[in-house]
1. Return the label of the correct value of Cα extents along the principal axes in Å, as calculated from the structure shown, out of (1) 54, 39, 30; (2) 43, 42, 27; (3) 49, 35, 30.
2. With each run of n ≥ 4 DSSP H residues scored as -39500 (n - 2.57), what mean residue ellipticity at 222 nm is computed for the chain after dividing by its residue count and rounding to the nearest 500 deg cm²/dmol?
3. Search the structure for amide H atoms under 5 Å from the amide H of Val44, placed 1.01 Å from N in the peptide plane, and list their residues when 5 or more places away or on another chain.
4. Between Ile182, Cys26, Asn13, whose Cα lies farthest towards the positive end of the dipole of the chain when Lys and Arg beta carbons carry +1 and Asp and Glu beta carbons carry -1, centred on the Cα centre?
5. Taking the Cα centre of the chain as origin and charging only Cβ (+1 Lys, Arg; -1 Asp, Glu), how large is the dipole, in debye to the nearest 20?
6. Tell me, in nm to one decimal, what length is gained between Ser30 and Ser100 on full extension, where the rule is 0.36 nm per residue of separation less the Cα-Cα distance?
7. Can you list which of the trypsin sites (Lys or Arg not before Pro) found in the range 39-105 are DSSP loop residues with at most 14 other C-beta atoms within 10 Å?
8. To the nearest 10 degrees, how steep is helix 120-132 against the longest Cα principal axis of the chain, on a 0 to 90 scale?
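Where a number appears in this text, it was derived from the coordinates with a stated rule and is not lab data. Bear in mind the structure is a predicted one, so any value in this text is a computation, not a measurement. Don't worry about glycine lacking a Cβ; one is built from the backbone with ideal geometry, like all the others, and counts go over all protein chains shown.
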Amino acid sequence: MDDHDLFRTGLRNLLEEQGVQVAGECDNGSDALRAVRELAPDVVVMDLNMPGISGVEATRQISMIAPLTRVLVLTISDQDSDVMDAILAGACGYLLKDSSITDLMQGIRSAAVGESLVSPTIAAKVLQRVRASSASHREAELIQSELSDREIEVLKLIANGKDNAVIAGELHISPKTVKNHISNILMKLQIENRIQAAVYAVRSGIV
């Protein structure tokens, strides 16, 4: 979803060359919502700055009307507020438009299986901004009351930017067990993806 025809066409060609099936494309947020309802894509690649409904608002609505559709933000803005707004709206990945095709493909693959890919510099900005805000006792209490000790260990490692393979190695468990723990964490905390889990953990003060 991007309002620049040339960029959209180039992106479509690149993705099709990589074997990605492109179900549709839109140049504004309203059409994006309509297309998601009709096409039920696995992944939406979303720009933030679009006419009409913004990319952030479109992301928020997609999270509600099509929870199985993952939103990967691909935009020019690395402004802290844009990043935070998009992630808290439900985006499971955030890449800048100067990312390589390799990064973009990894982002789409990660989104398709429900994982997150956020540029390391972007992730660091998000967590730095969250750390600068005051800790939330509500989040801390919920983590302590809802999560098991092992789930809290996994959550701390997520917040420190570790991927599933590293978490599995550090805790001496299988990657499949890590995925199960993460699914439980997301369900118990009522959040949608691991970057939101990292924000939640940092905001709670447990890391």
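1. (3)
2. On the way: 11 runs with 125 residues, N = 207.
That comes out to -18500 deg cm²/dmol.
3. Distant-sequence amide H within range of Val44: Arg70, Val71, Leu72.
4. So the residue we want is Ile182.
5. Values: 20 positive and 28 negative charges, 139 e Å.
Magnitude of the dipole: close to 660 debye.
6. Working: separation 70, 0.36 × 70 = 25.20 nm, distance 2.83 nm.
Taking Ser30 through Ser100 to full extension adds about 22.4 nm, to one decimal.
7. Working: sites: Arg60, Arg70, Lys97; in loops: Lys97.
Of the trypsin sites (Lys or Arg not before Pro), the ones in loops of the range 39-105 whose Cβ has at most 14 other Cβ atoms within 10 Å are Lys97.
8. Tilt of helix 120-132: around 50 degrees.
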